[in-house]
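The values are calculated or read from the model by the stated rules, or taken from the named source; none is laboratory data. Everything quoted here is computed from the prediction, not taken from an experiment. Glycine also receives a Cβ, built like all others from the backbone with ideal geometry; neighbour counts cover every protein chain displayed.
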Amino acid sequence: MQTKNFYEEKIFLKWTVGILTVITAVFLFLLFYQILAGPIGTNPAPNWFFLFMFLLFLGVMINFSRLTIRITPRYISVGYGIIKHSILWENVGDCYLDEASTIRYGGWGIRIAKIKGKWRLVYNVIGSPRIVLSLKRSRFKEFVFSTKNPEEVIKIAKERISIKK
């Protein structure tokens, strides 16, 4: 049975894609250069290394190109590509805007941080506000994620939390 979404948001990470595209292209260039022109340097890496690095960075670029937030009547799911974290509403105690500095988390991506004595799992995007979900039962006491529409997400989350209490 398909669960209807209350809310869905996709944040495209153009800077991340740009940087990873350059790195991916460099490894592809090095692979072709070494195949066509000969070994690079006096102690060259094998061709499979450049191919592996190209494929690795291509996969990372595709996976981390966007952050997706999906809110349904039963749960909230936040993820980068195939790496997602879902939380049932019955496990959420509160929801509020994150006041911690972006620098505190150490950049974009998936992070683990201890803020005010509580462990947080963070799905972070530079330049976007973040929402904190206080969790009742979890390894982490709080789940934090970036969104372009914090007021709308908080409104929906508070409605779902009050229904599940």
> How many residues does region 112-127 contain that are surrounded by fewer than 17 Cβ atoms within 10 Å (Cβ to Cβ), within 19 Å of the chain's Cα centre (by Cα) and either hydroxyl-bearing (Ser, Thr, Tyr) or in a strand (DSSP E or B) (or both)?
Replying inline: 3
>> Residues to consider are Ile69, Ile126, Ile131; find the one that is out of contact with any Leu (no Cβ under 9 Å at 6 or more places or on another chain) and under 21 Å from Phe12 (Cα atoms).
In response: Ile69
> Residue check, Ala45 against (1) in contact (Cβ under 8 Å) with a residue 60 or more places away in the chain; (2) among the aliphatic types (A, V, I, L, M); (3) in a loop (DSSP other than H, G, I, E, B), all met but one. Which one?
Replying inline: (1)
> Of (1) in contact with a Lys or Arg (Cβ under 8 Å, 6 or more places away or on another chain); (2) among the aromatic types (Phe, Trp, Tyr); (3) under 19 Å from Glu152 (Cβ atoms), Tyr80 satisfies all except one. Which?
Replying inline: (3)
>> Go through region 18-59 and report how many residues are under 30 Å from Asn124 (Cα atoms), touching a Leu at 6+ places or on another chain (Cβ under 6 Å) and aliphatic (A, V, I, L, M).
In response: 1
> Which ones in region 12-33 are out of contact with any helix residue (DSSP H, G or I) (no Cβ under 6 Å at 6 or more places or on another chain) and more than 24 Å from Ile82 (Cα to Cα)?
Replying inline: Val26, Phe29, Phe32, Tyr33
> If you take the residues of region 137-152 that are of a type in the set (D, E, K, R) and not in a loop (DSSP other than H, G, I, E, B), which of them is surrounded by the most Cβ atoms within 10 Å (Cβ to Cβ)?
Replying inline: Glu142
> Has region 96-110 got any residue that is part of a strand (DSSP E or B) and either modelled with pLDDT under 95 or among the β-branched types (Val, Ile, Thr) (or both)?
Replying inline: yes
>> Looking at region 71-99, I want the residues that are in the same structural domain as Ile115 (by TED's automatic domain parsing) and over 14 Å from Ser162 (Cα atoms) and have a partner that is of a type in the set (D, E, K, R) and crowded, with 18+ Cβ neighbours inside 10 Å with Cβ atoms under 7 Å, at least 6 apart or on another chain. Which pairs are those?
In response: Ser77/Arg70; Asp98/Arg130
> Failed condition for Trp15, given (1) at pLDDT 95 or above; (2) under 27 Å from Tyr123 (Cβ atoms); (3) not charged (D, E, K, R), with all others met?
Replying inline: (1)
